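The values are calculated or read from the model by the stated rules, or taken from the named source; none is laboratory data. It should be emphasised that the depicted structure is a prediction, and the values quoted were computed from it without experimental measurement. Neighbour counts run over all protein chains shown; Cβ positions are idealised from the backbone, glycine included. Surface accessibility is based on the protein's heavy atoms, side chains included, excluding ligands, DNA and RNA. Shrake-Rupley method; radii C 1.70, N 1.55, O 1.52, S 1.80 Å.
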Amino acid sequence: MTHPLRIGIWALVHGNRAALRDPEEPYDASWRRNRALVLEAEALGYDCVLVAQHTMNPHRTDLGQLEAWTASAALAAETRRIEIIAAIKPMLYHPVVLAKMALQIEEISGGRFAINLVNAWNRKEIEDAGLVFREHDERYAYGAEWLSLVERLMRGEEVRHEGRFFQVRDYVLRPGAATRPRPRIYVGGESPPARDLVAAQADVWFINGQPLENVEALIADVRARPRWGEPVRFGLSTFVIARETAEEAQAEYRRLLALAAEDSDIKDYVKANTDPAVAMRKTQAKYESVGTNGGTSAGTVGSYRQVAERLRQFHDLGIDTLLTQFQPFEREMRRFAEHVMPLLRRGG
Ligand SMILES: Cc1cc2nc3c(=O)[nH]c(=O)nc-3n(C[C@H](O)[C@H](O)[C@H](O)COP(=O)(O)O)c2cc1C
């Protein structure tokens with residue numbers, strides 16, 4: 001079954017997505033800006049917002065950082081239609097506490113809340129807090145047990161669990177979700193254990209931006225893994241540069257690429273803190289691009305028609321949620337809504 005294409009945005013939890021020193025987009029990761037951004041996105045017709053979770057700014061410790069869960073609760077109260085997806089790193093919250101928070105935001109939002117489980121790459125963020133940063137596959141073992149508990153608790157089940165990482169006795173959370181069995185579960189991550197986790201427990205897999213043929217192969221890989229229940233759905237992150245002509249889009253791409261090169265100190269800092277085992281870094285290193293999580297590697301730099309055509313190709317592969325990044329964000333988000341969204345609608 002093909003679902004209609006939904007378009008989402010990344011909230012600006014740590015400011016600019018492509019380059020931090022852009023005169024056209026001064027650094028701003030404040031609540032005030034993010035609130036206005038999400039309200040405008042909703043009014044423009046965007047379907048969802050991902051609020052990424054980082055406790056400490058991953059680029060520079062002196063820069064501000066939006067807190068994902070408190071901000072998501074406030075966004076839930078202020079918006080009416082848009083889906084709010086809050087990222088969660090399992091090692092930061094006990095599953096009982098997190099499931100309770102998720103159900104509360106589900107109620108505040110009137111059934112528009114979702115979690116995005118991510119298994120972390122920033123060793124410094126976890127270890128400097130005195131928490132345990134397990135090795136890559138161990139993080140997935142922990143995350144899988146954690147998510148199985150959160151899923152059952154969000155569904156309102158009374159949970160008794162004796163596991164490797166958690167022991168829970170007859171725990172039940174009320175009220176449960178009012179309008180559906182539970183909040184939606186996304187997973188972001190690309191390694192083989194991430195794909196097992198997606199097949200076993202996720203509703204939607206968020207894939208890092210990359211060329212069509214890679215995405216096609218990744219979708220086939222996950223569809224081939226053991227799963228029960230509804231088929232898994234697929235989302236893709238992508239940084240968009242769309243203009244009237246392809247030449248104008250390429251010129252803007254080169255502007256951002258040159259600016260991103262000025263952030264080499266930040267890239268070195270991020271690299272030093274990144275677990276070398278994570279798949280995301282390896283994917284990102286393969287292609288020249290701007291933006292995070294694959295950035296423009298999915299080929300979304302071009303004329304309005306070219307970008308719409310590329311997004312349609314991803315939809316044909318089975319991607320039904322696109323998570324867009326822009327810079328400067330507000331201006332380009334408006335441009336996309338004005339010039340690309342109508343082409344997508346016209347094409348069905
Ligand atoms: C759509 C998407 C969103 C992500 N959001 C976050 C986030 O909010 N916080 C974070 O620390 N990592 C985030 N990540 C990165 C994951 O933590 C990262 O992919 C992790 O290393 C998983 O390992 P793997 O890719 O090796 O499976 C995200 C990844 C994707 C694809």
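Some values worked out for this structure:
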item: For Asp62: the one exception among (1) more than 16 Å from the ligand (Cβ to nearest atom); (2) open to solvent by 10 Å² or more (accessible area, probe 1.4 Å); (3) closer than 25 Å to Asp320 by Cα; result: (3)
item: Entirely in segment 267-344, the helices (runs of 4 or more DSSP H) that have 2 or more residues that are open to solvent by less than 60 Å² (accessible area, probe 1.4 Å) and within 29 Å of Tyr140 (Cα to Cα); result: 279-286, 304-317
item: Close pairs (9 angstrom Cβ cut-off, 6 or more residues apart or separate chains): over 21 Å from Leu322 (Cα atoms) and touching a residue at least 24 places away in the same chain (Cβ under 8 Å) in segment 238-256, of a type in the set (Phe, Trp, Tyr) and outside any helix (DSSP H, G or I) anywhere; result: Leu256/Phe239
item: Residues located in segment 74-93, provided they are free of Cβ contacts under 8 Å to residues at least 40 places away in the same chain and more than 14 Å from Ala11 (Cα to Cα); result: Ala77, Arg80, Arg81, Ile88, Lys89, Leu92, Tyr93
item: Unmet criterion (only one of (1) touching a residue at least 12 places away in the same chain (Cβ under 8 Å); (2) open to solvent by 20 Å² or more (accessible area, probe 1.4 Å)) for Ala43; result: (1)
item: Helices (runs of 4 or more DSSP H) enclosed by segment 65-132 - at least 1 residues per element that are under 28 Å from Leu5 (Cα atoms), more than 14 Å from the ligand (Cβ to nearest atom) and out of contact with any strand residue (DSSP E or B) (no Cβ under 7 Å at 6 or more places or on another chain); result: 68-78, 95-109
item: Single residue of Pro95, Pro23 found to be over 17 Å from the mean Cα position of the chain (by Cα), modelled with pLDDT of 95 or more, closer than 26 Å to Val290 by Cβ and not charged (D, E, K, R); result: Pro23
item: Pair list, Cβ under 9 Å, 6 or more apart: segment 281-307 residue within 9 Å of Gly209 (Cα to Cα), other residue open to solvent by 20 Å² or more (accessible area, probe 1.4 Å) and among the basic types (Lys, Arg); result: Ser297/Lys286; Ala298/Arg310; Gly299/Arg310
